[in-house]
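Structure record follows, encoded as structure tokens.
The values are calculated or read from the model by the stated rules, or taken from the named source; none is laboratory data. Since the model is a prediction, treat every value here as computed from it, not as a measurement. In this analysis, Cβ positions are derived from the backbone assuming ideal geometry, glycine residues included, and neighbour counts consider all displayed protein chains. SASA here: full protein model, heavy atoms, side chains in, ligands and nucleic acids out. Shrake-Rupley method; radii C 1.70, N 1.55, O 1.52, S 1.80 Å.
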Amino acid sequence: MITLEDLPPLRAPVVVAAFEGWNDAGQAASGLLSHLAETWGARPIASTDPEDYYDLQVNRPRVAVRGSSRDITWPTTSILLVQNPDLPRDLLLIDGIEPSMRWRSFCTEILDLTDEADAELLVCMGALLAEVPHTRPLPVMLTSENAAIRERYDAERSTYEGPTGIVGVLAESATRRDLPAVSAWVSVPHYAAGVFSPKATLAMIGIVERLIGCPIPRGDLADRARTWERGVDELADSDREIGEYVRALEETTDAAESPDASGDAIAREFERYLRGHGDDRP
């Protein structure tokens, strides 16, 4: 069960959720949630029992020495509250690691809490590996099963079929309980996903601002994004195959954004590149 410490009356609350793991390429989604928590001084009000949802041999607890004591931190999902007088609404942040088991029970616990808070909207954030160049703006896809939400925020209805993560399951569970839900997914270059991608986090901010109705300070994200991009530039410059691959992605992206671009032409160009390089893509 979620251990609830305190839940005061909330102002038109919006719930924002992100989970480390499969749903979080380049730590872009969890990075944005951490940015929100730090920027607005979020305080923890609840958490899940780690033994209910985590395989502790997969997500091991961590031990740290603080002064004369040794403390163990357990993998969990925390619920943090943002109540800032400068913001027009309160926020509940769901910050966790993708559970190892009992996903339906997990979603039920989270949504029971959002019911108690009278939440108005659930925003699920995710990041996926994609064939996008790091030198161009990283696309963010906004989807919802709620027709009113799609119209209000210019979102689409997802047509994805295949394996899903806790973000997809939580959004679907919220829809079944009549809590409007929307998912924001940023594309992260798959050849540069081994470290935190502040550029991907930065790409999500404008979208999430619209969803929560609050401006989000950028802090040092822009500087960190430029540093990240320079680092990936160096990687592409030092590896001929990666460099050629990035240039092909740039050409495809630029062609797709040109006024006279056609899907068939873009597909032919990319297929031409792949034929020329066989199966040795990075």
Q. Heavy-atom accessible area per residue, the chain, 1.4 Å probe: how many Å²?
A. 52 Å²
Q) Given +1 on the Cβ of Lys and Arg, -1 on the Cβ of Asp and Glu, and no further charges, what dipole in debye does the range 128-271 carry about its Cα centre, rounded to the nearest 20? A) 800 debye
Q) Can you list the GluC sites (Glu not before Pro) in the range 155-260 that are in a DSSP coil and have 14 or fewer other beta carbons within 10 angstrom? A) E161
Q) Each residue of the range 52-66 in turn: what ³J(HN,Hα) in whole Hz from Karplus with 6.51, -1.76, 1.60 and θ = phi - 60°, glycine and Pro shown as x? A) 7, 10, 10, 7, 6, 8, 9, 10, 6, x, 10, 10, 9, 9, 10
(Q) Using the crude model of +1 on Lys and Arg Cβ and -1 on Asp and Glu Cβ, and no other charge, please compute the dipole size for the chain relative to its Cα centre, in debye to 20. (A) 380 debye
Q: Can you send over the carbon and sulfur percentage of the accessible area for the range 1-141, probe radius 1.4 Å, protein chains only?
A: 49 percent
Q) On full extension of the chain, what length is gained from R43 through R176, given 0.36 nm per residue of separation minus the C-alpha to C-alpha distance? A) 45.0 nm
**Q.** Separation in nanometres of the label points that stand 7 Å from Cα toward Cβ, at T135 and E251
**A.** 1.2 nm
Q: Quick one: angle between helix 166-176 and the longest Cα principal axis of the chain, in degrees between 0 and 90, rounded to 10, please.
A: 60 degrees
Q. Taking the chain, how much of its Cα-Cα pair set, in percent, is spaced more than 30 angstrom apart?
A. 36 percent
Q: Report, in degrees rounded to the nearest 10, the 0 to 90 angle that the Cα long axis of helix 240-257 makes with the longest principal axis of the chain.
A: 80 degrees
